[in-house]
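S.K.: A single structure is presented below for examination.
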Amino acid sequence: MKIQLIATSLIASMALLSCAGDTAQKTDEATTNTCFYEYENSNAVSFKWTAYKTSEKVAVSGTFNSIVITGGEKSTKLPEVLQAIKFSIPVESTNTTNPDRDSKIVNSFFGAMLNTDLIVGQASTVNGDNEKGDCSFLVNLNGIEKEVKMNYTVSDSLVKLVGDMNLENWDGKTAMDSLNKVCGELHKGKDGVSVLWPDVKIEIEVAITKRCH
């Protein structure tokens, strides 16, 4: 009799545990959210560039006060949102916190380029997930469209893209020489040689709207 009672109790306990597991699983499934990502016109965006002068390669950074981004794609996959992004930047919005330098960059650098009142671009390829990945943007500058490769990371719905571009790929030597001519003394290092490097580091931050249901 005792053996029968023990066996019955074990069976009942196993049944309860099994039911509890099913309930927990159903609860987890019920509380799982699907999240959608989307870029909206009101979302914040920043574009920082870093150029280099003198033989010692001293960094000079700046931003653009005006950046127009389009791409209203809505998706559960962030790469699909990034894939739809296009941007347009008026070069006259250059801001290095030095008005005199800003004027020289706008007039003597961008002004020496072909049809460069605006820098325009769009994503060409995006590979990754909702946390990190890499992408390429086609950038039109000096009448030439070339690819810029970047890596992206995501933190709290803020997407940060980092990459490098070489101005020589956009036939930028004439524009660089033009800027170097008006900024010659400021571009001289300890060796007395005026240098402006073609390398430019790009750092973009874009706020992406994330809604979970």
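S.K.: Tally time: how many residues in segment 36-71 are in a loop (DSSP other than H, G, I, E, B), touching a Phe, Trp or Tyr at 6+ places or on another chain (Cβ under 7 Å) and at negative phi?
M.R.: Residues in segment 36-71 being in a loop (DSSP other than H, G, I, E, B), touching a Phe, Trp or Tyr at 6+ places or on another chain (Cβ under 7 Å) and at negative phi: 1 in total.
S.K.: Something else: Looking at (1) under 22 Å from Thr174 (Cα atoms); (2) buried (at least 17 other Cβ atoms within 10 Å of the Cβ); (3) in contact (Cβ under 8 Å) with a residue 60 or more places away in the chain; (4) out of contact with any strand residue (DSSP E or B) (no Cβ under 6 Å at 6 or more places or on another chain), which is the one condition that is false for Ser55?
M.R.: Unmet condition: (2).
S.K.: Let me ask something additional. Test Lys190 against the stated conditions and say whether it is in contact with an Asp or Glu (Cβ under 8 Å, 6 or more places away or on another chain), over 19 Å from Gly121 (Cα atoms) and not in a strand (DSSP E or B).
M.R.: yes
S.K.: Which residue pairs have Cβ atoms under 8 Å apart, sit 6 or more places apart or on different chains, and have a first residue in segment 172-186 that is under 18 Å from Val91 (Cβ atoms) and a second that is in a helix (DSSP H, G or I) and of a type in the set (D, E, K, R)?
M.R.: Here the result reads Leu179/Lys104; Val182/Lys104; Cys183/Arg101; Cys183/Lys104, each pair linking segment 172-186 to a residue that is in a helix (DSSP H, G or I) and of a type in the set (D, E, K, R).
S.K.: Can I ask one more? Being part of a loop (DSSP other than H, G, I, E, B) and within 23 Å of the chain's Cα centre (by Cα) is the filter; apply it to segment 89-122 and report the residue that is nearest to Glu145 (Cα to Cα).
M.R.: Going through the qualifying residues, I end up with Thr116.
S.K.: Can you find a residue that is surrounded by 15 or more Cβ atoms within 10 Å (Cβ to Cβ) and within 25 Å of Cys135 (Cα to Cα) anywhere in segment 179-190?
M.R.: No, there is no match, as no residue in segment 179-190 is surrounded by 15 or more Cβ atoms within 10 Å (Cβ to Cβ) and within 25 Å of Cys135 (Cα to Cα).
S.K.: A further question on this structure: Right, Leu167: in contact with a His (Cβ under 6 Å, 6 or more places away or on another chain), closer than 17 Å to Val60 by Cα and in the same structural domain as Lys48 (by TED's automatic domain parsing) or not?
M.R.: Details: in contact with a His (Cβ under 6 Å, 6 or more places away or on another chain): no; closer than 17 Å to Val60 by Cα: yes; in the same structural domain as Lys48 (by TED's automatic domain parsing): yes.
The answer is no for Leu167.
The values are calculated or read from the model by the stated rules, or taken from the named source; none is laboratory data. What you see is a predicted model, and the numbers here were worked out from it, not measured in a lab. Ideal geometry is used to build each Cβ from the backbone, glycine not excepted, and the neighbour counts take in all protein chains shown.
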